[in-house]
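For reference, the structure is listed below as structure tokens.
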Amino acid sequence: ARHWPEPVPSGTLIDELDLNRSTAYNILGTLQRAGWTASRGDRGGWSLGPRLLAIVPAADDWTAAIVREELDALSLRLGYIAFVAQWDGGDRYAVQTKADRGKGVHITVEGGETFPFSAPAIMRAFHAWSDPAVVDRLIERHGILPFTAETVTEPAKVHDVLAETRRRGYGASVREYDLGQSGVAAPVFDAAGRVAFAVIVLAFSSELNESTVERVGAAVCEC
């Protein structure tokens, strides 16, 4: 933590902890797989892992650095734009940071870009864990826009979709926001169990659709 964002060399950890080298590497590897430590390669040293953010106060620059690292890995894995959005408490979600490792023609977004309250995948990620009465008040205030003929707009069906979102851990929108694109969004909870922000990927609906959404959703949840 004192060295953040610079990693601590393996030799320093081994000496300070007075461990056998192979024992130290085994422990560090186990912690890395669990998300408690992070490594930039064999000679890159070690730093705190993303799961520690859930249990210790962290400076904003810690959070930003780890979010960018995780988004970059997700975008590289899937080949889609990956970004983080926050809800403004009203009728908009704003893009905070992004990773764009896609190749060729692909969908992208820009920092500061906003999405309306009822953008399906994002709305589901943010509000599926809210009290249904609160959701009803938000829907009454901001409405559910029929972006395409595929958009779920009837309140009762919206609640069904929110229940499905809670069950699988992510919100999905296949041709509901735009017939040519689809998205998956998963919530990131703070220490109090509230949704702090959402991780989202967007892709053409020819790539992200009923046959691939489960695989993509699992990857976004893991991120």
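Tabulated data
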| quantity | calculated |
| --- | --- |
| Residue check, residue 215 under 24 Å from residue 99 (Cα atoms), open to solvent by 20 Å² or more (accessible area, probe 1.4 Å) and in a helix (DSSP H, G or I) | yes |
| Condition check for residue 191: within 19 Å of the chain's Cα centre (by Cα), among the small types (Gly, Ala, Ser) and loosely packed, with under 15 Cβ neighbours inside 10 Å | yes |
| Matching option when the condition is touching a Cys at 6+ places or on another chain (Cβ under 8 Å), at pLDDT 80 or above and not hydroxyl-bearing (Ser, Thr, Tyr), among 38, 94, 73, 119 | 73 |
| Residue check for residue 222: without any contact (Cβ under 8 Å) to a residue 12 or more places away in the chain, open to solvent by 70 Å² or more (accessible area, probe 1.4 Å), out of contact with any Cys (no Cβ under 9 Å at 6 or more places or on another chain) and not aliphatic (A, V, I, L, M) | yes |
| Tally of residues being over 26 Å from residue 205 (Cβ atoms) and either open to solvent by 40 Å² or more (accessible area, probe 1.4 Å) or out of contact with any helix residue (DSSP H, G or I) (no Cβ under 9 Å at 6 or more places or on another chain) (or both) across the range 131-170 | 8 |
| Residue under evaluation residue 112, criteria (1) open to solvent by less than 70 Å² (accessible area, probe 1.4 Å); (2) farther than 24 Å from residue 81 by Cα, criterion not met | (2) |
| Count of the range 44-61 residues which are open to solvent by less than 60 Å² (accessible area, probe 1.4 Å), at pLDDT below 65 and not in a loop (DSSP other than H, G, I, E, B) | 1 |
| Pairs where the first residue, in the range 157-172, is over 12 Å from residue 214 (Cα atoms) and the second is of a type in the set (S, T, N, Q), C-beta under 9 Å, 6+ apart | 158/118; 162/130 |
| Residue in the range 9-35 that is modelled with the highest pLDDT, counting only those that are touching a strand residue (DSSP E or B) at 6+ places or on another chain (Cβ under 9 Å) and under 22 Å from residue 72 (Cα atoms) | 31 |
| Residue within the range 88-103 that is in contact with a His (Cβ under 9 Å, 6 or more places away or on another chain), within 24 Å of residue 148 (Cα to Cα), in contact (Cβ under 8 Å) with a residue 12 or more places away in the chain and open to solvent by 30 Å² or more (accessible area, probe 1.4 Å) present | yes |
| Hey, residue 176 open to solvent by 70 Å² or more (accessible area, probe 1.4 Å) and touching a Ser or Thr at 6+ places or on another chain (Cβ under 9 Å) or not | no |
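The values are calculated or read from the model by the stated rules, or taken from the named source; none is laboratory data. Just so it is clear, the model here is predicted, and its values are computed rather than measured. All Cβ positions, even for glycine, are placed from backbone atoms using ideal geometry, and neighbour counts span all protein chains on display. The protein model used for the area step is the full one, side chains on, heavy atoms only, and it has no ligands, DNA or RNA in it. Shrake-Rupley method; radii C 1.70, N 1.55, O 1.52, S 1.80 Å.
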